[in-house]
Amino acid sequence: MSAFRERYGPWALVAGASAGLGAAFARLLAARGLNLLLVARRADALGRLAAELRGAHGIDVRAEALDLARADLVPAVERAAAGLELGLLVYNAAHSAIGPFLDRPLEEHLRVVDVNCRGPLALAHRLGADMARRGRGGIVLMSSLAASQGNPLLASYAASKAFELVLAEGLWEELGARGVDVVACRAGATRTEGWEASRPKESVPIMEPADVARAAIDALGRGPSAVPGALNRLAAFAFARLLPRRTCIRIMGRATRRLYG
Ligand SMILES: NC(=O)c1ccc[n+]([C@@H]2O[C@H](COP(=O)([O-])OP(=O)(O)OC[C@H]3O[C@@H](n4cnc5c(N)ncnc54)[C@H](OP(=O)(O)O)[C@@H]3O)[C@@H](O)[C@H]2O)c1
């Protein structure tokens, strides 16, 4: 635990911490002894989680309600993090626009870009600079199996997850040489508030948030990306190595139409 804290502490920023996987990341990192800066829009949910983690683990927690899509994200996070040494960034938040591309307003697709691409890029740049100067730290970007190919009915979301995957891969090599571990987590279906709220019409094999968060954190320093869960790894392998890309796109389209069509 102390080696983990020395490598990635003393503070971690969890962006998108109020529910689902973000709350699971916060609980895991608290159990490993890191102090936490929790960010999301819902102040009440952040406050409850902060109180739980202070009580359970005796760590310091700061909670900051802000929208990660805001134009002045970097100065807003700098203010929230004033005086803290952030050794780990977990960028977990995402926005998704589910449905036919043309039926969703452009503003919603642009919000996908702001939350899922602009946000992680900006925070990796700002916090990565401090980490590289110190010669230690870690960055986890939550990507998805949807990043591996185009996904009908989720086109902008899947493209944004590909952005996070490829960004993390590049930074894995570049910042890795400066002591900062970077990894993209390519999660499959996970039982979260966001997943339930999307009201899928079919049940699919699903993982628990705590298991996904643990797989992502344990993947730091081991490679540019990780797929939690044996079944998901098998699917990722088949899609990447065994099937033509256009077949993968069509399979994803059929699966997404069954879930949301
Ligand atoms: N669940 C899955 O099946 C699945 C599968 C593959 C990948 N993933 C990835 O895993 C990550 C987490 O997914 P999830 O299912 O846990 O999502 P979720 O249940 O919808 O939770 C998302 C978190 O991000 C926060 N958030 C969303 N938009 C925000 C914004 N504009 N500003 C600040 N905070 C914001 C939410 O809090 P507030 O509402 O309080 O702001 C919440 O804490 C995402 O990156 C997603 O792409 C999930």
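Length gain on complete extension for the stretch residue 260 to residue 103, per 0.36 nm per residue less the alpha carbon to alpha carbon distance?
55.2 nm
What distance in nm lies between label points placed 7 Å from Cα along the C-beta direction at residue 43 and residue 174?
It works out to 3.7 nm between the two label points.
Tell me the angle of helix 119-134 to the major Cα principal axis of the chain, expressed in degrees between 0 and 90 and rounded to the nearest ten.
Result, in degrees: 40.
Which length gain, in nm to one decimal place, applies between residue 67 and residue 242 when the Cα-Cα distance is subtracted from 0.36 nm times their residue separation? Can you show the working numbers first?
Working: separation 175, 0.36 × 175 = 63.00 nm, distance 4.03 nm.
Taking 0.36 nm per residue and subtracting the Cα distance, the gain is 59.0 nm.
Given charges of +1 on the Cβ of Lys and Arg and -1 on the Cβ of Asp and Glu, with all other atoms neutral, how large is the dipole of the chain about its Cα centre, in debye to the nearest 20?
660
Picking from 143, 21, 248, whose Cα lies most toward the positive end of the charge dipole for the chain (charges on Cβ: Lys, Arg +1; Asp, Glu -1)?
The listed residue farthest towards the positive side: 248.
Is it possible to state the helix-based mean residue ellipticity at 222 nm for the chain, with each DSSP H run of 4+ residues giving -39500 (n - 2.57), the sum divided by total residues, to the nearest 500 deg cm²/dmol? What is it?
Details: 11 runs with 127 residues, N = 261.
Mean residue ellipticity, 222 nm, calculated: -15000 deg cm²/dmol.
Run the dipole for region 98-140 about the Cα centre, Lys and Arg Cβ at +1, Asp and Glu Cβ at -1, nothing else charged, and hand back the magnitude in debye, nearest 20. Provide the component values of the computation, followed by the final result.
On the way: 7 positive and 5 negative charges, 88 e Å.
In total the dipole reaches around 420 debye.
So if we plug the beta-carbon distance of residue 54 and residue 85 into 1/(1 + (r/R0)^6) with R0 = 22 Å, what FRET efficiency do we get, rounded to 0.05?
0.70
Taking only Cα atoms, what is the 0 to 90° angle, nearest 10, from helix 43-57's long axis to the longest principal axis of the chain?
Helix 43-57 and the main axis of the chain meet at about 60 degrees.
Using Cα-Cα distances under 8 Å and only pairs 6 or more residues apart, what relative contact order does the chain have, in percent? Walk me through the numbers on the way to the answer.
Values: 495 pairs, mean separation 46.9, N = 261.
Computed over the chain, the figure is 18 percent.
Sort all Cα-Cα distances of the chain into consecutive 5 angstrom bins from zero, then give the percent of pairs in each bin up to the one containing the longest distance.
Histogramming the chain at 5 Å steps yields 1, 6, 13, 18, 21, 17, 12, 7, 4, 1, 0 percent.
Values quoted throughout were computed directly from the atomic coordinates according to the rules given, and no laboratory measurement underlies them. Note that the structure is a prediction, hence the values are computed from the model and not measured. For neighbour counting, all protein chains shown are included, and Cβ atoms are generated from backbone atoms with ideal geometry for every residue, glycine included.
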